[in-house]
Amino acid sequence: MALTQQKALLIPEKSAPFVVGLRAIPSPGPGFVLVKILATGLNPVDSAIQKFGIFAPEYPAVVGNDAAGVVEAIGSGVTNIQVGDKVFYQGHWASDRSTFQQYGLADAARIAKIPDNLSFDEVATIPLGLGTAALGMYGKKGDRGGADLYPPWEEGGIAKYNGQAILVSGGASSVGQFAIQLAKLSGFNPIITTASARNESYCKAAGATHVIDYRSVPYSDLPAAVAKITGGPIPFVYDAISVPESQKAGWEILAPKGSIVFTKQPVVGKPGAEAEDGKYTAWVFGLVHTEENQEVGKSMYDKLTDLLAEGALKPNRIEVVPDGLSGIPAALERFFAGKVSGVKLIAHPQDAP
Ligand SMILES: NC(=O)c1ccc[n+]([C@@H]2O[C@H](COP(=O)([O-])OP(=O)(O)OC[C@H]3O[C@@H](n4cnc5c(N)ncnc54)[C@H](OP(=O)(O)O)[C@@H]3O)[C@@H](O)[C@H]2O)c1
């Protein structure tokens, strides 16, 4: 008899602690597939949803945004994916589409097959981190949009911004790692980033040309440090960290008519608007499924398997947390404690005790 129930990490009600419990295995409607989730990535937003109740309209709620697994069933109209395919995808803020559970629904329009050179754990590092980097750089402009650059995965996109300087603040973060890699594909050079000294080689392996240790060079001194490399202001800044001091430094470094992308609410500039000197501020929303992001999301997911197989894009470094779903809450606390450095935390929902 087919399984009808699964284990999931539930938030029983707003701001209540996580608890492992049972919920129904959903069935895929038109255009969706059901995935047995073998690996899920952890993100800072997951604990914010649990603690503050954002993005969780119904309780009990399931969260989790990054998944890799095997397709168990397909809905009507799905032609690009088959039962048994190994896939990864970005979850959504609806419990059936979230990833801290053993089975989830995925939209077949934005899903990618796992290339042979990568594991379930590795590709589970990709969806939110890459989505946030890509949508910030190549997403359409808008209140919660991107900078509308031309993507490297489209015809003629490789090296399109050849020789232009970029600053990626937070190069050791998941989002920062992908922003550096995309910047490299887009031809930006130099690619300057901020990270702790211990993560210098991690950032250079992603494509950074200069790594500035933000623990010894404070953000107030960053404009001078960047100017030493570039000789002056630069046309593009991606601030993966977006704390007030990194935002202010990025704004100062940005040239008139340049673009700056923030992952958190801007304290400088106005999201989706140009300042008087033409500096454009983007406040990215890293979900490929929103109406504004779907088109860019689909064009990227259609190319992802090949980009990963060629090594043009690489997953984050991983650390697998123990105890399946029940190990996730303690691991999420590490984001608040600043105890995640240069690594993506991965959990295995099928190991749920
Ligand atoms: N807007 C959106 O849709 C969206 C989507 C995803 C994420 N986010 C936000 O984007 C941020 C990054 O997310 P993530 O998942 O990439 O985080 P993460 O991987 O957990 O970030 C951890 C890394 O941040 C680095 N870091 C911390 N403070 C820093 C600073 N002041 N300067 C430079 N690097 C610093 C650390 O580098 P070292 O170890 O080298 O010190 C650490 O490796 C989070 O605030 C997250 O909430 C927003």
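Data overview
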{"item": "In degrees, nearest ten, helix 294-310 long axis to first principal axis of the chain (Cα)", "result": "90 degrees"}
{"item": "When each of Lys113/Lys303; Lys36/Lys86; Lys140/Lys204; Lys248/Lys270; Lys204/Lys314 is checked by Cα-Cα distance, pairs over 18 Å", "result": "Lys140/Lys204"}
{"item": "Residue-averaged 222 nm ellipticity for the chain, from DSSP H runs of 4+ at -39500 (n - 2.57), nearest 500", "result": "-7500 deg cm²/dmol"}
{"item": "Pairwise FRET efficiency - Ile158 versus Asp221, Cβ, R0 = 35 Å, nearest 0.05", "result": "0.55"}
{"item": "Cα gyration tensor, the chain - rounded (a/c under 1.5), prolate or oblate", "result": "prolate"}
{"item": "Accessible area per residue, Å², region 129-283 with all protein chains present, probe 1.4 Å", "result": "40 Å²"}
{"item": "Spatial separation of Cα centroids for region 294-330 and region 191-213, in angstrom", "result": "21 Å"}
{"item": "Magnitude of the charge dipole, region 201-269, Cβ model with Lys/Arg +1 and Asp/Glu -1, debye to 20", "result": "120 debye"}
{"item": "Cα centroid separation, region 92-145 to region 46-66 (Å)", "result": "16 Å"}
{"item": "DSSP beta bridge pairing in region 129-283, given as percent antiparallel to the nearest 5", "result": "10 percent"}
{"item": "Estimated distance in nm for a label pair at Thr79 and Val321, the labels positioned 7 Å out from Cα along Cα-to-Cβ", "result": "4.1 nm"}
{"item": "Dipole magnitude of the chain, debye to nearest 20 (Cβ charges: Lys/Arg +1, Asp/Glu -1, about Cα centre)", "result": "400 debye"}
{"item": "Contour minus Cα-Cα distance for Arg198 and Ala16 (0.36 nm per residue)", "result": "61.9 nm"}
{"item": "Relative contact order, percent, the chain [alpha-carbon distance under 8 Å, six or more residues apart]", "result": "18 percent"}
{"item": "Contour excess over end-to-end distance, with Cα ends at Lys270 and Phe336 and 0.36 nm allotted per residue", "result": "21.0 nm"}
{"item": "Fraction of beta bridges assigned by DSSP in the chain that are antiparallel (%, nearest 5)", "result": "60 percent"}
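The values are calculated or read from the model by the stated rules, or taken from the named source; none is laboratory data. From a predicted model like this one, the values you see are computed outputs, not experimental measurements. Cβ coordinates were reconstructed from backbone atoms using ideal geometry, including for glycine residues, and neighbour counts include every protein chain displayed. To get the accessible areas, we keep the full protein, side chains included, count just its heavy atoms, and leave off ligands, DNA and RNA. Shrake-Rupley method; radii C 1.70, N 1.55, O 1.52, S 1.80 Å.
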